[in-house]
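Before I ask anything, let me first share the structure, which is written out below as structure tokens.
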Amino acid sequence: MADTVWTLDASDGELLVRTGVTGRAARMGHRLTIAMKRWTATVRWAGDAPVSAELVVDVDSLDVLRGEGGVKGLSGTEKTLVRSNALRALDAGRFPEIRFTADTIANTDAGYRLTGTLQIHGKTHDREIDLRTDDLGDAWRMSSQATVRQTDFGVKPYSLLMGSVKVADDVTVSFSAQRTKE
């Protein structure tokens, strides 16, 4: 493969955030599945090896897909409220993007280890992400899952009923995409 750049977006895969619920009345709350609908991943190659990667996510593209658990199902109106609360917690107006930049990419048995920085809510921390790759013959499938602690980035998890129901501090982020071979 010659030096090249891959660009992937939501038409190539999905980026999901899953939340948990804590607090004395946790069973009243919903475990949420949230899709980030607008994102771009750029991978730079030198020969047949990836040398850098960047994922940029539009915070305002947050879409609440479903809520599991709780006293009753999550209605459309409640999904809209959850979205509004999440955008407020992330301060999307001031911090419209989430960004992961990998400056070092190393081979692993299952794919690659991306080492770089994660920026959320204006705060940046070092981060390693293991990316699994699968050769499908005519395409590559890439997938990853990581836990992010919101408070590490200055994001206060949403709570109600004086803290009796809270979004768990740790959220799970999963990424999957497919790229046709050239």
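The values are calculated or read from the model by the stated rules, or taken from the named source; none is laboratory data. Here the structure is a predicted model, which means the values were calculated and not measured. Virtual Cβ from ideal backbone geometry, glycine too; neighbours counted across all protein chains shown. Just the protein is used for accessible areas: all its heavy atoms, side chains included, with ligands, DNA and RNA removed. Shrake-Rupley method; radii C 1.70, N 1.55, O 1.52, S 1.80 Å.
Report, by chain and number, residues whose modeled amide H sits under 5 Å from the one on VAL51, excluding near sequence neighbours (fewer than 5 apart, same chain).
Residues meeting the criterion, in which the H sits 1.01 Å from N, are ARG44, TRP45, ALA46.
Can you tell me what the convex hull of the Cα atoms of segment 73-166 projects to on average, as an area in nm²?
Numbers: hull surface 37.3 nm².
Its Cα hull, projected and averaged over all orientations, spans 9.3 nm².
Dipole magnitude of the chain about its Cα centre, charges +1 at Lys/Arg Cβ and -1 at Asp/Glu Cβ only, in debye to the nearest 20? Intermediate values should be presented prior to the final figure.
Details: 24 positive and 25 negative charges, 236 e Å.
It comes to approximately 1140 debye.
For segment 50-120, take the alpha-carbon Rg, divide it by the Kirkwood Rh, and send me Rg/Rh.
Details: Rg = 16.9 Å, Rh = 14.7 Å.
With Rh from the inverse mean 1/r over Cα pairs, Rg/Rh is 1.15.
Rounded to the nearest percent, how much of the accessible area of the chain (1.4 Å probe, protein heavy atoms only) is carbon and sulfur?
Details: 5100 of 10270 Å².
The computed percentage sits at 50.
Each residue of segment 113-118 in turn: what ³J(HN,Hα) in whole Hz from Karplus with 6.51, -1.76, 1.60 and θ = phi - 60°, glycine and Pro shown as x?
Whole-Hz 3J(HN,Hα) from phi for segment 113-118: 10, 9, 10, x, 10, 10.
Using alpha-carbon pairs under 8 Å, 6+ residues apart, how would you state the relative contact order of the chain in percent? Mind dumping the intermediate values first?
Numbers: 424 pairs, mean separation 43.0, N = 182.
Answer for the chain is 24 percent.
For the chain, what is the convex hull (Cα atoms) projected area averaged across all directions, in square nanometres?
Details: hull surface 44.7 nm².
If I average the Cα hull's projected area over directions, I get 11.2 nm².
Give the accessible surface of the chain per residue, rounded to a whole number of Å², with probe radius 1.4 Å and ligands, DNA and RNA excluded. Present the calculation step by step, with values, prior to reporting the outcome.
Numbers: 10270 Å² over 182 residues.
Per residue, the chain has 56 Å² of solvent-accessible surface.
I'd like the orientation of helix 76-89 relative to the chain: the angle between its Cα long axis and the longest Cα principal axis, in ° from 0 to 90, rounded to 10.
70 degrees
Something else about it: Can you list residues whose amide H is under 5 Å from ALA168's amide H, if they're 5+ apart or on another chain and H is modeled 1.01 Å from N?
Amide H neighbours of ALA168: GLY20, VAL21, THR22.
If you don't mind, there's one more thing I want to ask. Positive end of the charge dipole of the chain (Lys, Arg +1 and Asp, Glu -1 on Cβ, about the Cα centre): tell me which of GLY116, THR77, ALA10 has its Cα farthest that way.
The listed residue farthest towards the positive side: THR77.
Find which of ALA106, ALA168, THR147 sits farthest along the positive direction of the dipole of segment 93-170, computed with +1 on the beta-carbon of Lys and Arg, -1 on that of Asp and Glu, about the Cα centre.
ALA168
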